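Heads up: the structure comes next, in structure tokens.
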Amino acid sequence: MKRRKFIQNTSLSSFGIVAGATVIGCKENSDTAKTSSVPKEKDTVVKTTIPIVIATWNVHDSTAKAWKVLEQGKSSLDAIEQGCMVEEANAEGQSVGIGGLPDRDGNVTLDACIMNKEGNYGAVVYMQNIKHAISVARKVMEDTPHVILAGKGAEQFAVSKGFKKENLLTDASKKAWEKWKKTSQYKPVINIENHDTIGMLAIDKNGDISGGCTTSGLSYKMAGRVGDSPIIGSGLFVDNEVGAATATGLGEEVLKTVGSFLIVELMRQGMSPQKACEEAIGRIVGKNQNYEHFQVGYIAINKKGETGAYSIHDGFYVTTYVNDKNESTKPVFFNKKG
Ligand code: ASP
């Protein structure tokens, strides 16, 4: 299934997430999400092995690359960067890097962030003309005293570091934008079909966790709009003592609930990654009567390599590479009505 073609229908079925040969026990738990109360630990999540990499959507090539890096004994930070770069370089993918769908003025603008085992973080927001946003984010983290660079400043910094400027608007994305303009009349699109970001979390052979998130953001967004993906605690959070989480979907809702930080803090209190993802979705659903009209999905991993994933609607996919198996699965979801 193409990442951009998700959530046309919702079904009653739910699926366990399979990590290697291990089925992660994660029953659908809409009561938890509705009440947004802190659930009691009942579902036990089966431990996987490390190294492990987990990512939002069907991104087998990206997880395969990250796995290779982990297998070589390199750091989870290297794995995240190189894994995300694969999709950023894929011109056919219309949500990340080159080929990303533009904002409503026809400009492709990228958001990305990366976080390492020391809790250091780097991000670029609203950056144009440079496809490897994840690598520029890493340079911001490693080579500047800052954590976020935006717009022109991010682009100039990237060029100063040797990144090549190129036109990120492919013919296919330009055509899609032109088609959208005819019918949309510049109304903001808030639906459930035009989000998909790569959020990736990895644990290396040393047991150290890193994460990254890269996206062209909400398609046909207003010029200047920044989503959750590059914002620490919202689109991504990593605490090497505890675990990590990352998000995809309508960034405004993730930002308002600081979702990834929430999930990591819930795991710190002893909650499983699965329950913590359900709780974070519950916070969003509890505050939005119109949740039927947008999607948010979370994935999480804890220090032991246990994983979790949950979304508001059906159609969210997660790719996990562990125990030499690279598999996409469909997590359980909140909205069973469709
Ligand atoms: N979360 C991203 C944003 O709001 C979009 C996505 O996940 O596709 O920018």
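Do you know the relative contact order of segment 180-300, to the nearest whole percent, from alpha carbon pairs under 8 angstrom that are 6+ apart? Present the calculation step by step, with values, prior to reporting the outcome.
Details: 231 pairs, mean separation 29.3, N = 121.
For segment 180-300, the relative contact order is 24 percent.
What FRET efficiency comes out for the pair residue 164/residue 241, r = Cβ-Cβ distance, R0 = 35 Å, nearest 0.05?
Result of the calculation: an efficiency of 0.40.
For segment 89-201, what proportion of DSSP beta bridges, expressed in % and rounded to the nearest 5, is antiparallel?
On the way: 5 of 8 bridges.
The answer is about 60 percent antiparallel.
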Applied in sequence order to segment 239-250, the curve 6.51 cos²θ - 1.76 cosθ + 1.60 (Karplus, θ = phi - 60°) yields integer Hz couplings, x standing for Gly and Pro, of 10, 4, 7, 10, x, 8, 8, 8, 10, 9, x, 5
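As an exercise, find the ratio Rg/Rh for segment 109-244 from alpha-carbon atoms, using the Kirkwood inverse-distance average for Rh.
Numbers: Rg = 16.0 Å, Rh = 15.7 Å.
Reported Rg/Rh, Kirkwood definition of Rh: 1.01.
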When the chain is fully extended, how far beyond the present Cα-Cα distance does residue 71 get from residue 118, taking 0.36 nm per residue of separation?
14.8 nm
Pop out the ³J(HN,Hα) list for segment 212-221 in order, Karplus 6.51 cos²θ - 1.76 cosθ + 1.60 with θ = phi - 60°, rounded to Hz; leave Gly and Pro as x.
x, 8, 9, 6, 8, x, 4, 5, 6, 5
What accessible surface, in Å², does a 1.4 Å probe find on residue 208, ignoring ligands, DNA and RNA and rounding to the nearest 10?
30 Å²
Just to check I understand the Karplus step: with θ = phi - 60° and J = 6.51 cos²θ - 1.76 cosθ + 1.60, what whole-Hz values come out for segment 262-274, glycine and proline as x?
4, 4, 5, 5, 5, 5, 4, 7, x, 6, 6, x, 5
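Could you put 293, 132 in order of accessible surface area, largest first, with the 1.4 Å probe and the full protein assembly present? Walk me through the numbers before you get to the answer.
Details: 293 115, 132 35 Å².
Putting 293, 132 in descending order of accessible area: 293, 132.
The values are calculated or read from the model by the stated rules, or taken from the named source; none is laboratory data. For clarity, every value in this text was computed on a predicted model and none was experimentally measured. Note that each Cβ is placed from the backbone with ideal geometry, even for glycine, and that neighbours are counted across all protein chains shown. With ligands, DNA and RNA removed, areas are computed over all heavy atoms of the protein, side chains included. Shrake-Rupley method; radii C 1.70, N 1.55, O 1.52, S 1.80 Å.
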